[in-house]
Amino acid sequence: MPGTAGRDEQLRQFYKDMVLIRRFEERAARAYTEALIGGYCHLNLGEEAAVVGLMSALRPTDYLFTNYREHGYALMRGIEPKKVMAELYGRVDGVSKGWGGSMHMFDLTHRLLGGYGIVGGQLPIATGAALAIDYRGGDEVVMCTMGDGTAAIGAFHESLNIAALWNLPIVFVVINNHLGMGTTVEKSSAEPELYKRGAAYRMASARVDGFDPAAVHDAAAEAIASARAGKPYLLEVMTERLRGHSVVDPAKYRSAEEVKRLKANDVLRVFGEKLTANGILDADAIAAIEADVAKVVAEAADFAAGSPHPDVATLFDYTYATPVANDSRRLPGQPLFEPAPFPQTPFPQSGASA
Amino acid sequence: MTIMTYRQALHDTLRAEMLRDDSVFLMGEEIGVFEGSYKITAGLLAEFGEKRVRDTPIAEEGFAGAAIGAAMLGLRPVVEMMTINFSMLALDQIVNHAAKIYGMFGGQARVPMVIRTPGGGGQQLGATHSQNIELYYAFVPGMKVVAPSNPADAKALLLAAIRDDDPVLFLENLALYNTRGEVPEDDTPAEIGKAAVTRAGRDLTLIGYSRMAHLASEVAAQLAESEGLDIEVVDLRSLRPLDRHTIIESVRKTHAAVVLEDDWLTYGIGAEVAASISDGAFDYLDAPVRRVAMAEVPMPYAKPLETAALPSKDDVIAAIGQTLAAVGYRTIPAGA
């Protein structure tokens, strides 16, 4: 635990990181409406404290598996914002070279082992990564984040069961923003206090306030320490999603009062006000942070816009890691075979020599 | 060369690869203490211990996915799915993840894993335990699917699958486990993506894989003996990639083809083979391409019904006879 000065510095850094995620996501939303970004685009708006608190507790050598709401996680793992934005733009300098998009970012150097687009798909895989660490006797930990809806799928049960049976170094984190797309936790889980599911696997678990990055950090640190000692952990982080499920979702399932309450409780503003009230930040410092972040985000967008589109000639480069005979490289309109010469002997006799 | 069963070839190859490379480990249901439903892993738990021979809970999605994650970090898991029927519980992990990870992350992560699993019917196991759904995996770019029909290929293709950096579905067959054949001593892997002409001939091409390639060889030998027919046999060995060139080369020579498959005919592997022949050897064909495939029913339990549903040697011989008759200018030699 850092001293007071150290803790203040940590809180300032949390705030700065939260601003980066906020402004980056706002820029992504804008670029999406300008058709610079395609596909689905799920934002971390409202979840900044959760993302920052969790990521700050990991060592650089630890691994992260996450879902499709992942831009903030990629940034907090230390991946350059311009490479994250370039991926959103589908360009060659993107973190997945333009093959993954918003939902499928990957960077081995920063040990982001994937955003995964299928709900819960990352859980068994993350469990296997923890198995590999255990197999080799390493001291790294895997963190696997998911949304609240994920607690309902079979892979959740199978993965937590296997992790607990085999004492794997993994922390499962449920980011509970109360909503699947529009379905509430109460409508999708018979036990809506999701961290309690850990008991079924004799797995330590806890719930933490996702509006407080320091609390999230501390809870994550405890969970990670447990996992590093071979005791997997289930952590539930209570957050709110500020906007719709994705950029295109107008969130009509929310009442006017609900929207008003969300705005009043905006995690970034509330945390900034708290730090200001405690003398850790002031208006000038906040303005300076905003200016720095604005520059970084603008540079990221410029970089992404300037990065080349992938060359169509690379279309078949990533089907297989080990080259293989008879791998198809046919474009949609091409025939399977070049037209064959008409047979010289269209009516061969049985037993005739070649 | 040693004569051994298909089962023994698989067992010995797994063991040899585990001795050679300590990143190779096994996971699956009942593969350790119980030594495997079909005893492929007999003795391996005792020799290698629980770390490398892992009994899993009944959680196909969970352990298939765990193999993916372990493979991404550089291990070489060999997963046993007790039968291919149960692999559908892991379809999301295999199709949406194992097959996609190399591509969707821009070539940054490899998934060197093998899923060994037997298909096949004929054991009165009923509708849910007698399927041949390898097509589900062979359909998907990013997957490699191999299907050995004999002990030598069981060894050579398993070596190739384990040493490959991509996810490989390794199709075994219940009816083949006790078949015997020569297996070379050396450990040269087969080339994935290559079919084999296992018998040269000029009258007609029989094309199959797994049990049906085995059956094709039997039928070709029998008809050579009894009818003097000179039948070529193409054993596909690899369902993805599919070696269309070997198929086409053979059909351009023989001018007639019968495709054998244990799966259902409609949309089956044979349909792809027949369409490939149409694309690559249309002008060479002297008769329509015939397919011999399972009847399109959920597999019944009662023996006469099951027998009727499965392609038999007689079905294959009848299809060959009809194809040669359709050729017209050829007659089946006297004594047919």
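Quick notes
- Efficiency of FRET between residue A:5 and residue A:193 - r from beta-carbon atoms, R0 56 angstrom, step 0.05: 0.90
- 26 Å Cα-Cα reach of residue B:144 towards lysines, excluding residues that sit fewer than 8 places from it in its own chain: A:97, B:39, B:100, B:155, B:194
- Computed from point charges on the beta carbon alone (+1 for Lys and Arg, -1 for Asp and Glu), the dipole magnitude for the range B:196-327 about its Cα centre is near 180 Debye.
- Placing pseudo-labels 7 Å out from each Cα toward the beta carbon at residue B:128 and residue B:296 gives an inter-label distance of 2.5 nm.
- Counting Cβ atoms of other protein chains within 10 Å of each residue's Cβ and taking the mean over peptide B:186-196 gives 2.
- Estimated FRET transfer efficiency when R0 is 56 angstrom, pair residue B:96-residue B:313 (beta carbons, to 0.05): 0.90
- Summarising the strand pairing of chain B, around 20 percent of its internal DSSP beta bridges are antiparallel.
- Each Lys and Arg adds +1 at its Cβ and each Asp and Glu adds -1 at its Cβ; summed about the Cα centre, the range A:241-319 shows a dipole of about 620 debye.
- Computed packing ranks the peptides A:231-244, A:287-300 as A:231-244, A:287-300, most packed first, by mean other Cβ atoms within 10 Å.
- Beta bridges by DSSP in the protein assembly as shown, antiparallel share as percent, to the nearest 5: 15
- FRET efficiency for residue B:222 and residue B:39, using Cβ-Cβ distance with R0 set to 35 Å, rounded to 0.05: 0.70
- In degrees, nearest ten, helix B:313-327 long axis to first principal axis of chain B (Cα): 40
- Distance between modelled label sites at residue A:218 and residue A:265, nm, 7 Å Cα→Cβ extension: 2.1
- Rounded if a/c under 1.5, otherwise prolate or oblate - the range B:2-183, Cα gyration tensor axes: rounded
- Our estimate of slack between residue A:290 and residue A:277, defined as 0.36 nm per intervening residue step minus the Cα-Cα distance, is 2.8 nm.
- Rounded Å value of the spacing that divides the Cα centres of the range B:77-95 and the range A:200-227: 33
- Per-residue HN-Hα couplings for the range B:57-71 [Karplus 6.51, -1.76, 1.60; θ = phi - 60°; Hz; x = Gly/Pro]: x, 6, 7, 4, 5, x, 7, 5, x, 4, 5, 4, x, 5, 5
- Among B:99-110, A:209-220, A:181-192, B:183-194, the peptide with the highest mean count of other Cβ atoms within 10 Å heads the list, and the full ranking is B:99-110, A:209-220, B:183-194, A:181-192.
- In the elastic network of chain A, a GNM with C-alpha springs shorter than 10 Å, the most mobile of A:282, A:249, A:317 is A:317.
- Charge dipole (the range B:2-183, unit charges on Cβ, about Cα centre) - positive-most of B:58, B:170, B:4: B:4
- Kirkwood's formula applied to the C-alpha pairs of the protein assembly as shown gives a hydrodynamic radius of 27.5 angstrom.
- Counts of other chain beta carbons within 10 angstrom of each beta carbon in peptide A:117-124 average 6.
- Spherically averaged projected area of the convex hull of Cα atoms, the range B:166-322: 10.6 nm².
- Test item: Cα-centred dipole of the range B:1-122, Lys/Arg +1 and Asp/Glu -1 on Cβ, debye: 340
Every number here is computed from the coordinates shown, using simple stated rules; none is lab data. Since the model is a prediction, treat every value here as computed from it, not as a measurement. Please note: Cβ atoms are built from the backbone with ideal geometry, for glycine as well, and neighbour counts cover all protein chains shown.
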